[in-house]
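Encoded as C-alpha cells, the structure appears first; notes follow it.
The values are calculated or read from the model by the stated rules, or taken from the named source; none is laboratory data. Just so you know, these numbers come straight off a predicted model, no measurement behind them. Virtual Cβ from ideal backbone geometry, glycine too; neighbours counted across all protein chains shown. In case anyone asks, the SASA skips ligands and DNA or RNA and just uses the protein heavy atoms, side chains included. Shrake-Rupley method; radii C 1.70, N 1.55, O 1.52, S 1.80 Å.
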Amino acid sequence: QVHLVESGGGSVQAGESLTLSCVTTGYTFNRLRVSWWRQAPGKEREWVAFRYNEAESTDYADSVSGRFAITQDNARNTVNLQMNYLRPEDSGVYYCAAATHMLSNWRSARAYTYWGQGTQVTVSS
C-alpha cells in the first residue's frame, strides 16, 4: 500500500516561509493524486492544495492561493508544499494524503485512502 511521510514543519514568524515535504512509496509516483491538508486545534481538517503529477494538475484553497505552491521532486518521489507569507492562521498540523484512482472531488477528505502522520507548523506574530 501507499505510505506517506511528511517533514519540514517548524516554528516561524508571520511573513516568513516554510517548505513541507511528503515522501511517497508503494505506488507509481506520477499516478498518485496528492493533496495537502491542515488542522488547527478545535477545527475541522481543511483542504489546502492538490496535485496530480501525471497531468501536471494543481489546485489551491482560496485561503492560500498566491502564497502557497505545490511542487514535485521526481528523483525523491516527493511532493512539496512551499508556504510563503505565512500568517498565524496558517498554524496547524499539516498532512499529506494520496489516492490511486480518479477523484470526483479532490477537495474532500473522504476521497483519500492514504494519509501521513502530520507535521506541526506554528506561525507567530
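Per the 1.4 Å probe, what fraction of the accessible area of the chain, in percent, lies on carbon and sulfur atoms?
On the chain, the fraction of accessible area on carbon and sulfur atoms equals 43 percent.
Whole-Å semi-axes of the chain's equivalent ellipsoid, largest first, each the root of 5 times a Cα gyration tensor eigenvalue?
Its equivalent ellipsoid spans semi-axes of 23, 15, 13 Å.
Just in the range 1-93: which GluC sites (Glu not before Pro) are loop by DSSP and have at most 14 other Cβ atoms within 10 Å? Spell out each step's value before the answer.
Details: sites: E6, E16, E44, E46, E54, E56, E89; in loops: E16, E44, E54, E56.
Here the sparse-neighbourhood loop sites are E16, E44, E54, E56.
What does the charge count near F50 come to, summing +1 for each Lys or Arg and -1 for each Asp or Glu among other residues with Cβ under 15 Å from its Cβ? Don't jump to the answer; show the numbers that get you there.
Numbers: positive: R31, R33, R38, R45, R51, R107, R110; negative: E46, E54, E56, D59, D62.
Its environment carries a net charge of +2.
Identify, among Q117, F50, G26, the residue whose Cα sits farthest towards the positive end of the charge dipole of the chain, taking +1 on the Cβ of Lys and Arg and -1 on the Cβ of Asp and Glu, with the dipole about the Cα centre.
Among Q117, F50, G26, the one farthest towards the positive end of the dipole of the chain is G26.
What nm distance separates the two modelled labels at N105 and A14, each placed 7 Å from Cα along Cα→Cβ?
So the two model labels end up 3.3 nm from each other.
Per residue Cα convex hull volume for the range 1-54, in cubic angstrom?
111 Å³
Provide the per residue accessible area, probe 1.4 Å, for the chain, rounded to a whole number of square angstrom.
53 Å²
For the chain, set up a Gaussian network in which alpha carbons nearer than 10 Å are linked by springs, and say which option among L20, L103, L81 fluctuates the most.
Most flexible of the set in this elastic network: L103.
Taking the chain as a Gaussian network, Cα atoms linked when under 10 Å apart, which of N53, N30, N105 shows the biggest mean-square fluctuation?
Looking only at N53, N30, N105, the biggest GNM fluctuation is shown by N105.
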